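Enquirer: Would you mind keeping the following structure in view while I ask a few things?
The values are calculated or read from the model by the stated rules, or taken from the named source; none is laboratory data. Just so we're clear, the structure is a prediction, and the values are computed from it rather than from any experiment. All Cβ positions, glycine included, derive from the backbone under ideal geometry; neighbour counts span all protein chains shown.
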Amino acid sequence: MSMPPLRPPPGMRPPNLRAPKAKRRMTPGVWRLPSWRAALRGWRWPISFKAGLPPWGARWLWGLVPVTLTIAGGILAGRLILPATAEQRLKAALVEAGFADAQVTVRHAGWGWLEAGVRLQPGLEADTVLVTFAGLVPWGRPARLALTGVSLDAGHLDGQALARLTDLPIDHVDIGSAQLIHGDWSMPLALHATLDHRAGDGAEAGAWQGQAVMEPAAGWPALAVTVSLTRTSDGPALRLAAAPGATPMVSGTLAAGPNGTAKAELTVTDLRVRDWGGPISAHLAAQGGGDHWTVSATAETPDAHLALEGAKPWTGIQGIGTQGTGMQATMPPAPWGLTLRARGAGTWSGEGLLTVAGTGEGRALAVTVAAEGMTAPELPLMAAFLNGGGNLTPEGDGAWRLDLTRAAQLGGRLRDGQGTPVSVGWDPGADGHLAVAWRGGWGKERRGHAEAQGALVGRLGPAATPLVAGGTTGLHIAADWDAGGLSALEASAASVEAPVLLGGTLEGAHLSAGFDRANRANPWQLTLDGGRVAGTMLPPLALAVTLSGDPAATLTLAGQARGLGTPLVLGLSGHWTGAEKRGEAAAVLEPLTLSNVPDLSRLLPGAGLAGPIQGLGTVAGRAHLSWEQGHLTGSGEVRAGAVSLAGPSLAIDGLKGAVALDGLFPLHSPPAQHIEAKAVRAALALEDVGLDFQLADGRVLLQGGDLAWAGGHVHLSPEEGGGFSATAAGVDLAQALPAWTAAGYTLQGKLAGRLLGRFDGMAPVLAYGGLQAEAPGHIGYADTTGAGVPVVLNPDHNGKVALVTRALADYDYQALTLEPKGPILTDPRARLLLRGVNPGFYGGYPVDLDLELDAGDLSGTGASERRQ
């Protein structure tokens, strides 16, 4: 039988059978782990066990290490295993929600959350989606959703996609940033929105409600709205309302309609955008579906009223699968177009029209713009106008191309106090073009290229009589630019027409220009050479000049202009300082000996002088142009020394004087210019001529003078309005009618009176007044040849001239008045009024005559053929 184990009596300890301080020996071949207490012995904890923990706390502390390792292992397992599992489960959930083409890329996942990139369908995706789930695993019911980098393509979204989004089982959504896309066009939005999904029953069940704040672009204010997204029988409906106290105020609706259609309205008030006049109020309404939309909009600003009318959005040619064949059919788009009308308001005035329409092929937009009467403080021109048109074509990757297919024109009136007209026109011609391609919009990534071939014309002044007119033919331009501005340019013109000194025109000159931004020291190069100059005040000139240099730094003009067929020589010089935007040019006429010129009429081709004209003496002159502070000024001088001219219709003897000019476009001079001539013989014969005058706006303002005519004296005085008066005394009637005297008439009497006239350009024109006989006199005829009474009057103006000449054969007049009129130096006219009797004519009955005289009667070189 066995005995029970021995136990010590109560209160007694068993004896210690080991020697004092004996060490425990390890059994050979056996490895034992030390206890946790031994492992931690010697550590100094920052918290005293005895002071900070209860007696049992130390025991629990030993379990922290294995618990920590367990948690870390779980996290590591979640990092390695959960993403792949969550990606499959999330994609399956989206497919089940109706997004059959959904793509998911899970980047990170943990217990109760995941981060992924999601593409629900073409045109609807997000760069980063952070989903927080109600449970620990990332494939349970999602509770919160945070989206950043959302992309919405308006060309691919429809009401069904929006309806499926509203049905996703999510309680809360945060959106951080988004961009709207349509084809090659995109609009980034700084957006922050929060939406909550309402559960339960009733009208608002399943609705999304929240707030959103967005900034469409730089310089725009933040638009704060409250958002409501609900379901109707036709589909989803989105409503926007202005947030309390928000400025500007934005409200609107976007609601699905029957048969896949939709209707949208948007109203904005008190909108203020940087660099735009404000406040702005606008309203937009649109309805339609798919690619067929009708849009109308109005906008009111302090400066303009805008109205937009249009049809469906442009989509271009689309490939549509032919059912059952697997082929792609090319279908042209439906007709498309919009019209934008603008009318000035406030400080703006004028009207504008922009029309845009899809082309026949559907791959481009036909754009036409027209504006007239545009005036505003911000515009450099008044009553500005613009018209033109072309094709605007997208080229992918945000690139566009504009082709001007027809002539375009821009112009208006300068703010120079006179409203001088100015215009610039472009004409591509039959084989020309102007194409501009760019990408990147107006931002830092913008860049582009332009090419042009055609003609460019410009005009300063009225269309009928421009002060300055010019342009180019055979123009070729190629240019590149980027965000830093123009980077490269190459241009040439086969023929350049431009205004030059004294109303002349440059023709046939060759122009070449280049720009290279990489050449910092001298980026510009411009050369103009060859050509000729023709004009009304300048003879034909052949140019041997060169204009070269950098327009941004310094341009230099040097060379000569020589007359074609004449010994005329003009020295040309000038320079342009681009930094100061200031320049000047000078032309010097070397003293010209007139006897060396075979025909002086070629020196003044526009004067209308019949050649040939020979001359004596010398002429010289100079002209100077300067451009400073946006204004063109000119000056010059013409000097004549003992000049004599002889021609079929003009003879001048002893002409001398100097005329200073302080304006060239048109001609202008200081007051009190003086010239003298011993004799001037044109239609009238004048002697001892001395004139004081001023040139203003290209015409003569007579300030005084004296001359001798027909044996009498004529004093000239200025009159109001730029006219002049001529007071004559002692004028001999026989010398005043030299053709009558040459025909054998005897004319007795002296005339005196006052005439009024003005200068038409450089030619004097008499308009009013007359010369009266100082006393009764006699008109008779002595027939020394037996030819009878001569006919000196023009029968076209005086009826029965034979009867009139019989009355004048022996005529005693009691009153006689001669009224000259018209251009007295080139084609003078006069009215002759007579009252008297001829004793041998109708028994001496009184005869009053009213006769019309022409240059044939008043000139010594009258029409002898008419008087035979």
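Enquirer: For segment 498-556: of the residues being closer than 30 Å to Val597 by Cα and polar (S, T, N, Q), which is modelled with the lowest pLDDT?
Expert: Filtering first and then ranking leaves Thr536.
Enquirer: Quick one: would you say Ala255 is buried (at least 18 other Cβ atoms within 10 Å of the Cβ), closer than 24 Å to Gln211 by Cβ and hydrophobic (A, V, I, L, M, F, W, C)?
Expert: yes
Enquirer: Tell me which residues, restricted to segment 435-472, are assigned to a strand (DSSP E or B) and either modelled with pLDDT under 70 or within 16 Å of Gly411 (Cα to Cα) (or both). Break it down stepwise before answering.
Expert: Taking segment 435-472 first, the residues assigned to a strand (DSSP E or B) are 435-439, 447-460, 468-472.
Selection gives Leu456, Val457, Gly458, Arg459, Leu460, Val468, Ala469, Gly470, Gly471.
Enquirer: Looking at (1) more than 30 Å from Ala376 (Cα to Cα); (2) modelled with pLDDT of 70 or more; (3) surrounded by 14 or more Cβ atoms within 10 Å (Cβ to Cβ), which is the only condition Gly245 fails?
Expert: (3)
Enquirer: Of all the residues that make up segment 96-135, how many are β-branched (Val, Ile, Thr) and surrounded by fewer than 18 Cβ atoms within 10 Å (Cβ to Cβ)?
Expert: Of the residues in segment 96-135, 3 are β-branched (Val, Ile, Thr) and surrounded by fewer than 18 Cβ atoms within 10 Å (Cβ to Cβ).
Enquirer: Taking the criterion of being under 30 Å from Ala726 (Cα atoms) and at pLDDT below 90, would at least one residue in segment 807-816 satisfy it? Show your work before the answer.
Expert: Our first condition is that a residue be under 30 Å from Ala726 (Cα atoms); within segment 807-816, this holds for 808, 811-816.
So of that shortlist, the ones also at pLDDT below 90 come out as 808.
Scanning segment 807-816, I find at least one residue that is under 30 Å from Ala726 (Cα atoms) and at pLDDT below 90, so the answer is yes.
Enquirer: Tell me which strands (runs of 3 or more DSSP E) are completely within segment 584-696 and hold 2 or more residues being of a type outside the set (S, T, N, Q) and over 24 Å from Gly822 (Cβ atoms), or say none if there are none.
Expert: The strands (runs of 3 or more DSSP E) meeting that bar are 614-628, 631-646, 651-661, 673-681.
Enquirer: Can I ask one more? With the structure loaded, tell me whether Glu265 is modelled with pLDDT under 80, part of a strand (DSSP E or B) and charged (D, E, K, R) or whether it fails that test. Write out each step before concluding.
Expert: Details: modelled with pLDDT under 80: no; part of a strand (DSSP E or B): yes; charged (D, E, K, R): yes.
Criteria not met by Glu265.
Enquirer: I'm told Glu580 meets every condition in (1) farther than 30 Å from Ala683 by Cα; (2) in contact with a Gly (Cβ under 7 Å, 6 or more places away or on another chain); (3) assigned to a loop (DSSP other than H, G, I, E, B) except one. Can you identify the failing condition by its number?
Expert: Glu580 satisfies all of (1) farther than 30 Å from Ala683 by Cα; (2) in contact with a Gly (Cβ under 7 Å, 6 or more places away or on another chain); (3) assigned to a loop (DSSP other than H, G, I, E, B) except (2).
Enquirer: Let me ask something else. (1) on the phi < 0 side of the Ramachandran plot; (2) modelled with pLDDT of 75 or more; (3) crowded, with 16+ Cβ neighbours inside 10 Å: which one isn't true of Arg406, the others all being true?
Expert: So Arg406 meets the others, but not (3).
Enquirer: How do the pairs read when you match residues in segment 272-299 that are closer than 24 Å to Gly346 by Cβ with residues anywhere that are in a loop (DSSP other than H, G, I, E, B) and modelled with pLDDT under 75, using Cβ under 6 Å and keeping only pairs 6 or more apart or on different chains?
Expert: Between residues of segment 272-299 that are closer than 24 Å to Gly346 by Cβ and residues that are in a loop (DSSP other than H, G, I, E, B) and modelled with pLDDT under 75, the close pairs are Arg272/Gly278; Val273/Gly219; Arg274/Gly219.
Enquirer: When you scan segment 721-767 for strands (runs of 3 or more DSSP E) that lie fully inside it, which ones turn up with 1 or more residues that are under 18 Å from Ile824 (Cα atoms)?
Expert: 724-732, 750-760
Enquirer: Continuing with this model, one more query. Tell me yes or no: at least one residue of segment 775-790 is modelled with pLDDT of 80 or more and of a type in the set (Asp, Glu).
Expert: The answer is no; no qualifying residue exists.
Enquirer: Here's something else I'd like to know. Would you mind telling me which numbered condition in (1) in a strand (DSSP E or B); (2) surrounded by fewer than 17 Cβ atoms within 10 Å (Cβ to Cβ); (3) touching a Ser or Thr at 6+ places or on another chain (Cβ under 8 Å) Ser296 fails?
Expert: Result: Ser296 fails condition (3) only.
Enquirer: So, in segment 182-218, of the ones that are in a loop (DSSP other than H, G, I, E, B) and crowded, with 16+ Cβ neighbours inside 10 Å, which residue ends up modelled with the lowest pLDDT? Walk me through how you get there before you give the answer.
Expert: Applying the first criterion (in a loop (DSSP other than H, G, I, E, B)) to segment 182-218 yields 183-184, 198-207, 216-218.
Within this subset, residues satisfying the condition of being crowded, with 16+ Cβ neighbours inside 10 Å are 206-207, 216.
Working: Gly206: 65, Ala207: 78, Pro216: 73.
Among those that are in a loop (DSSP other than H, G, I, E, B) and crowded, with 16+ Cβ neighbours inside 10 Å, it is Gly206.
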